[in-house]
Amino acid sequence: MVANKMWGGRFEGGPAKIMEEFTPSIGFDQRLAEQDLAGSRTHARMLAAQGIISKADMDAILTGLDTIAGEIKAGTFEFKRALEDIHLNIESRLAELAGPAAGRLHTARSRNDQVATDFRLWVRAACQRADEGLDALQQALFKQAEANITTIMPGFTHMQSAQPVTFAHHLLAYVEMFARDRGRFADASKRLNECPLGSAALAGTPFPIDRDYTAKGLGFVRAMRNSLDGVSARDFALEYLAAASICATHLSKLAGEIVQWCSPGFGFVKLSDQFTTGSSIMPQKRNPDAAELVRGKTGRVLGDFVALATTVKGLVLAYGTDLQEDKERVFDAADTLEISLAVMAGMFADLKAQPERMRALANAGYPTATDLADWLVQNCGKPFREAHHITGSIVKRAEELGVDLDKLPLSEMQAVEPAITEDVLKVLSVEASVAARMSYGGTAPDRVKEQIFFWREKLK
């Protein structure tokens, strides 16, 4: 075993055998190949523009990098564990293709600023992919909402029947949540869009480089102002993971609703064979496995955030090999989130609402009791707390008789509160309750139509 010739001048012997298994990152950081090639191309052009390397050397480097890109795309590039990471793998192959010119590419840069640049480029693209996945899910939710503006379902608090709402209103709540998730990814992308390249190992470089050239060439807004921060900062990765974690919790909430809605006790929606599975022993079963997996995978994304936060919390400036642990966490979270978004969008495109079943359960649990209390306030001049007490007594009587509130005889209500008139019956149906919720952001179909119009324009 010999020292790695890419960095081995200081070393006479090679690493211990176990280090060959412990230290290489090429098994996962080969996913940065596209970003590494982009950074190297831009760096080579900058070096030539500044007169640090010759145009001939730049041409040889760029030709070699293009060849490597082709080999990676074709699946013929050999990733070697002995070369540790994506940077040295590409540099080694470039040396074979471009000869001595390849050795000039690493002038005025370090693997420290190189990997920080690659990783920012990758996370920036991941933010864009997350936004596209969220857009597809919002579109699917919106189409279901548009088709169910007047579909009435039970609304719940504490998982108890509370007040009736429309199915569209319920779905649009998630459209709002996912819009905020898109905003978080956009914010993360905006904040990370600064270029570390040129920070070198930690202190910058004596070569007359042009950091604005490389920043703009890679699509960054500007170069990072501090070289120590440039090589060490991973808050951009944490911010991506934080946004992914919040998004995953929203997906989990929605997935949990699908699991409930598909159950016989609810029966609010049906999924086709595309997004359900059967049982190995119970032939009648149709299990919402896709939704359950989305709910379960949320823990992975949350764990990835905690793992990276734990890695970086104790690091001093500037670079430490601890940061090799950053990429797998982000890669895992991104993979998990992106497929979860795609699955959820597919499920909502596939989902069939069951309006009759929703309406049948909308009366359960006396959901228009608040409407009765509001009527007492508006028509009998009762303070709300007194109206609340009166309504509670009337609901108790309806329970004793086993009838819904809108079917309770007027005489029974008047026995509790003599001021109640026949007009009260106009507000006690679930349709009347929903229609009355005309406050801004309410569930009344006319208000929901306003939300539909807003999101139709917003999601174009």
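Observations on the structure shown:
- Count - residues of region 322-343 that are in contact (Cβ under 8 Å) with a residue 24 or more places away in the chain and over 30 Å from V175 (Cβ atoms): 5
- Of residues in region 195-222 being farther than 19 Å from R41 by Cβ and without any contact (Cβ under 8 Å) to a residue 40 or more places away in the chain, the one least open to solvent (accessible area, probe 1.4 Å): G204
- Search result, residues across region 67-111 that are of a type in the set (F, W, Y) and open to solvent by 50 Å² or more (accessible area, probe 1.4 Å): F79
- Number of positions in region 32-62 that are closer than 17 Å to R93 by Cβ and open to solvent by 60 Å² or more (accessible area, probe 1.4 Å): 1
- Check on D350, assigned by the TED database to the domain that holds Q139 and under 30 Å from R111 (Cα atoms): no
- Top-ranked residue in region 149-181 [being aromatic (F, W, Y) and touching a strand residue (DSSP E or B) at 6+ places or on another chain (Cβ under 7 Å); ranked as most open to solvent (accessible area, probe 1.4 Å)]: F156
- Any hit, region 281-299, residues being open to solvent by less than 30 Å² (accessible area, probe 1.4 Å), touching a residue at least 40 places away in the same chain (Cβ under 8 Å) and over 30 Å from L121 (Cβ atoms): yes
- Qualifying residue in region 102-110 (condition: under 34 Å from the mean Cα position of the chain (by Cα), under 26 Å from E328 (Cα atoms), of a type outside the set (G, A, S) and in a helix (DSSP H, G or I)): no
- Under the condition of being at pLDDT below 90, among the hydrophobic types (A, V, I, L, M, F, W, C) and open to solvent by less than 40 Å² (accessible area, probe 1.4 Å), the residues counted in region 263-277 number 1.
- Qualifying residue in region 348-357 (condition: under 25 Å from the mean Cα position of the chain (by Cα), more than 30 Å from S429 (Cα to Cα) and not polar (S, T, N, Q)): yes
- On the stretch given as region 354-384, residues that are aliphatic (A, V, I, L, M) and open to solvent by 40 Å² or more (accessible area, probe 1.4 Å) total 4.
- Some residue of region 136-148 being within 26 Å of the chain's Cα centre (by Cα), open to solvent by less than 10 Å² (accessible area, probe 1.4 Å) and among the aromatic types (F, W, Y): no
- Number of the exception - Y240 against (1) open to solvent by 10 Å² or more (accessible area, probe 1.4 Å); (2) out of contact with any Asp or Glu (no Cβ under 7 Å at 6 or more places or on another chain): (1)
- Selected residue [under 18 Å from D135 (Cβ atoms), basic (K, R) and open to solvent by 20 Å² or more (accessible area, probe 1.4 Å)] from R184, R225, R191: R184
- Scanning region 385-411 for residues that are loosely packed, with under 15 Cβ neighbours inside 10 Å and of a type in the set (D, E) yields E399, E400.
- Filter pass, A125 being aliphatic (A, V, I, L, M), modelled with pLDDT of 95 or more, open to solvent by 20 Å² or more (accessible area, probe 1.4 Å) and in a helix (DSSP H, G or I): yes
- Out of K449, K426, K460, sole residue that is under 39 Å from the mean Cα position of the chain (by Cα), open to solvent by 10 Å² or more (accessible area, probe 1.4 Å), modelled with pLDDT under 95 and of a type outside the set (G, A, S): K460
The values are calculated or read from the model by the stated rules, or taken from the named source; none is laboratory data. Note that the coordinates shown come from a computational prediction; the quantities given were computed from them, not determined experimentally. In this analysis, Cβ positions are derived from the backbone assuming ideal geometry, glycine residues included, and neighbour counts consider all displayed protein chains. Quick note on the areas: whole protein, heavy atoms, side chains included, nothing else; ligands and nucleic acids left out. Shrake-Rupley method; radii C 1.70, N 1.55, O 1.52, S 1.80 Å.
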